[in-house]
Amino acid sequence: MFEKEEEMLDTTKKKLEKVVVPEELVNNAIQQGLLQAKAKKRKRKKTLWAFSVAAILILTFVTSIRVSPAFASAVSTIPGMERFVHLIQFDKGMKAIVENDYYESLGKSQVMDNITFTVDGIIIDETGAEIFYTLEAAHSLKDMEYGEIKFLNSGQELMASMSYDPPGHLTENRKEGQFSFVFVETEQFTSSDFEIQLEVKQGNEKINFNIPFTIKKEMKSGKIFTLNETVEIDGQQIEVKEIKVYPLRVRVTLEFNEQNEMKILQFEDMRIEDENGEVWSSIQNGITGLGENQKKENTYFLQSNYFKEPEELYLKFDKVQALPKEESYLLVDFAKKEILKQPSDKKIKVLNISSNTIEMKYRTTRKDHMYALFSQGENALGEVVDLLGESNSGNENEQYAEVTIDTKDIINPVKLDFVAYPNYLDGSVSIQIK
């Protein structure tokens with residue numbers, strides 16, 4: 001009945017046996033677990049002993065992955081574990097989530113048209129969810145694409161932005177991946193019953209999966225720091241209203257003073273540090289935010305470290321992108337193929353304008369500047385103009401961007417507001433939050 005699983009474990013065991021993990025590493029990890037256990041009041045119960053052993057094993061496992069590349073490489077070959085190796089190696093918060101047993105294994109599957117979709121597990125809190133999945137089939141899945149993806153609670157769709165990395169191919173007929181949902185508002189779930197709906201496309205065929213599941217672990221609530229403190233950077237006033245810390249991410253709510261002369265665009269280096277100067281929470285893979293840049297209130301998300309309890313915490317940021325408000329957009333006449341208005345510093349050079357496309361290049365003033373320059377536009381009637389796409393390429397010195405507008409929305413001139421631009425405020429901000 002379990003022949004396949006036993007064969008998989010036996011193969012994995014043999015691979016792990018070939019890996020040399022420093023004895024000192026394992027001993028230190030076990031000692032650390034034992035010392036932590038001794039600090040707590042002991043209860044002579046079998047269940048507590050089992051829990052302690054599990055905690056020590058998890059600590060040893062996580063520590064070994066972070067310290068030993070050979071061990072991490074071997075563990076990566078275990079089906080379903082590659083994603084965790086990557087997360088633990090590069091994300092302090094995810095390491096703490098694994099150590100504190102907050103990841104919930106599900107193993108719920110559905111078979112449709114000879115394709116098996118499995119929801120392997122989930123990490124969820126009031127800000128969003130990370131859903132880990134596997135797709136398998138007897139045939140190749142290389143040309144498979146995703147259609148609509150929905151996440152529901154008690155039958156109601158949760159309003160969220162959703163993203164996913166290109167799924168990894170273990171083999172041609174097996175994919176592993178992760179769906180990341182960020183809720184528009186913090187969610188107070190009506191029950192522990194959830195559902196993931198996934199549409200996949202292969203050729204002309206569409207296949208719809210629908211997997212319900214129930215969360216059994218207790219969901220952690222946010223730690224709230226209410227500040228309402230105004231800070232100033234290069235003459236621009238920003239009110240730090242509130243910081244909420246959740247297992248998956250930190251929500252930082254800021255309000256920009258309407259009298260500011262500059263439009264704040266991006267925070268390239270927003271972070272939370274502890275009393276020792278260690279970065280406790282920071283931007284991960286670029287900052288994520290909710291709210292258009294000049295709305296009164298904006299929310300930004302940082303990588304979290306929820307399970308750590310430092311004595312002091314400080315919110316810090318610098319490398320803030322900004323433009324004078326009256327120069328914070330491109331005004332384009334697509335019929336005449338002309339730029340009517342643009343930032344006076346001319347750091348961005350327009351190379352070509354077609355009936356609905358603009359090609360640009362700009363020199364970066366900081367390493368790894370790679371941002372979408374626009375999110376949407378406005379036509380001469382004040383109507384929203386949708387961007388069909390924006391592509392970016394280049395190197396650390398020079399970037400190229402191409403923006404395509406939906407032709408049906410174009411009534412000239414079209415105003416395209418910058419949401420990123422290689423111009424920075426001087427100075428930095430530090431504010432104590434704990």
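The values are calculated or read from the model by the stated rules, or taken from the named source; none is laboratory data. Computed from a predicted model, the values in this text were never measured in an experiment. Heads up, the Cβs are rebuilt from the backbone with ideal geometry, glycines too, and the neighbour counts pull from every protein chain shown.
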*In this structure, does Val245 turn out to be within 19 Å of the chain's Cα centre (by Cα) and free of Cβ contacts under 8 Å to residues at least 12 places away in the same chain?*
no
_Under 6 Å between Cβ atoms, which residue pairs at least 6 apart in sequence (or on different chains) link something in the range 385-404 that is free of Cβ contacts under 8 Å to residues at least 12 places away in the same chain and over 13 Å from Leu416 (Cα atoms) with a partner that is of a type outside the set (Asp, Glu) and part of a strand (DSSP E or B)?_
Ser393/Tyr400
*Can you name the residue in the range 379-434 that is of a type in the set (Gly, Ala, Ser) and in a loop (DSSP other than H, G, I, E, B) and, of all such residues, is surrounded by the fewest Cβ atoms within 10 Å (Cβ to Cβ)?*
Gly382
*Take the range 108-123 and flag every residue that is over 17 Å from Ser192 (Cβ atoms) and touching a Ser or Thr at 6+ places or on another chain (Cβ under 9 Å).*
Ser109, Gln110, Thr116, Phe117, Thr118, Asp120
_So in the range 203-250, with the set limited to residues that are part of a strand (DSSP E or B) and among the hydroxyl-bearing types (Ser, Thr, Tyr), which one is nearest to Glu273 (Cα to Cα)?_
Thr226
_Candidates Lys201, Lys241 - the one that is at pLDDT 90 or above and assigned by TED's automatic domain parsing to the domain that holds Ala137_ = Lys201
*Scan the range 319-344 for residues that are surrounded by fewer than 15 Cβ atoms within 10 Å (Cβ to Cβ) and of a type in the set (Gly, Ala, Ser) and jot them down.*
Ala335, Ser344
*asked:* Restricting to the range 212-256, count the residues that are in contact with a Lys or Arg (Cβ under 9 Å, 6 or more places away or on another chain), β-branched (Val, Ile, Thr) and surrounded by fewer than 18 Cβ atoms within 10 Å (Cβ to Cβ).
replied: 2
*Taking Lys316, is it within 21 Å of Gln236 (Cα to Cα), at pLDDT 90 or above and surrounded by fewer than 17 Cβ atoms within 10 Å (Cβ to Cβ)?*
yes
*Of all residues in the range 187-196, count the ones that are crowded, with 16+ Cβ neighbours inside 10 Å and either part of a strand (DSSP E or B) or assigned by TED's automatic domain parsing to the domain that holds Arg249 (or both).*
3
